[in-house]
Amino acid sequence: GPYGLINFENLDIGNFTSLDVATGVTVTLANTASDGNAGITDTVSTDLGYNTTTEGLKHLRVVPIFFGNDVSVTFAFANPIDFFGAYLTGTETYYAGTITLNFNDGSSQNLGLTKNPLGGGVQFFGFTDLGTSISSVVFAQVGPFDSTRDIWGIDDIRYGRASVPEPTIMVLLGLGLIGLAGIRRKM
């Protein structure tokens, strides 16, 4: 069905703390460094995150602070969603920091994400929880980070509410089909 898409192509390059990235969607970065082309960037590096949009240039780069603690990227939705997906790029098993996904649908849940081997790579991660009202999705990378850190990217985010038929509509449709079958049988 229809979905919102955030590919960062219409946003200015630069670091930020909080930024409206789409109508009703705000991204907040916590404990990210101001170096390494953090924030919205068009810098290409397979091991530091990169763009995944066809013919695109930009993506969101996450750069933890050296000798800092946890870093997070929070997507807040003014209109709650029940599905979300994004490409993670440049994550490496060689560097410290497990990336987890925390989302709020009335409860807290943590999902561990698999990091790519040395040299980075790309992985699509998504979930659907039909009928829920998820108002935020948080990518968190747990530190502490010493003299090394895993710099990674996020791009081509898909989100929205799945269209699930109302039970009453399904009942009416079923009754209509039964009625048509009865008329046909009489003929």
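The values are calculated or read from the model by the stated rules, or taken from the named source; none is laboratory data. Please read these numbers as outputs of a predicted model, since none were measured by experiment. Don't worry about glycine lacking a Cβ; one is built from the backbone with ideal geometry, like all the others, and counts go over all protein chains shown. Ligands, DNA and RNA are stripped out before the accessible areas are found, and what is left, the full protein with its side chains, is counted by its heavy atoms. Shrake-Rupley method; radii C 1.70, N 1.55, O 1.52, S 1.80 Å.
Can you find even one residue in the stretch 12-32 that is open to solvent by 40 Å² or more (accessible area, probe 1.4 Å), acidic (Asp, Glu) and touching a Lys or Arg at 6+ places or on another chain (Cβ under 9 Å)?
No, the conditions are met nowhere in the stretch 12-32.
Can you say whether residue 6 is among the β-branched types (Val, Ile, Thr), touching a residue at least 60 places away in the same chain (Cβ under 8 Å) and open to solvent by less than 10 Å² (accessible area, probe 1.4 Å), as far as the supplied structure shows?
So residue 6 fits the description; yes.
Within the stretch 48-71, can you find the residues that are among the basic types (Lys, Arg) and in a loop (DSSP other than H, G, I, E, B)?
58
Does residue 57 meet the test of being open to solvent by 50 Å² or more (accessible area, probe 1.4 Å) and either of a type in the set (Lys, Arg) or more than 23 Å from residue 148 (Cα to Cα) (or both)?
yes
Mind checking which strands (runs of 3 or more DSSP E) fall wholly inside the stretch 95-187 and carry at least 2 residues that are open to solvent by 60 Å² or more (accessible area, probe 1.4 Å) and modelled with pLDDT under 85?
Those strands (runs of 3 or more DSSP E) span 108-112.
Cβ-Cβ below 8 Å, separation at least six or inter-chain, first residue in the stretch 21-48 and within 18 Å of residue 134 (Cα to Cα) and touching a residue at least 60 places away in the same chain (Cβ under 8 Å), second open to solvent by 70 Å² or more (accessible area, probe 1.4 Å) and outside any loop (DSSP other than H, G, I, E, B): which pairs?
25/78
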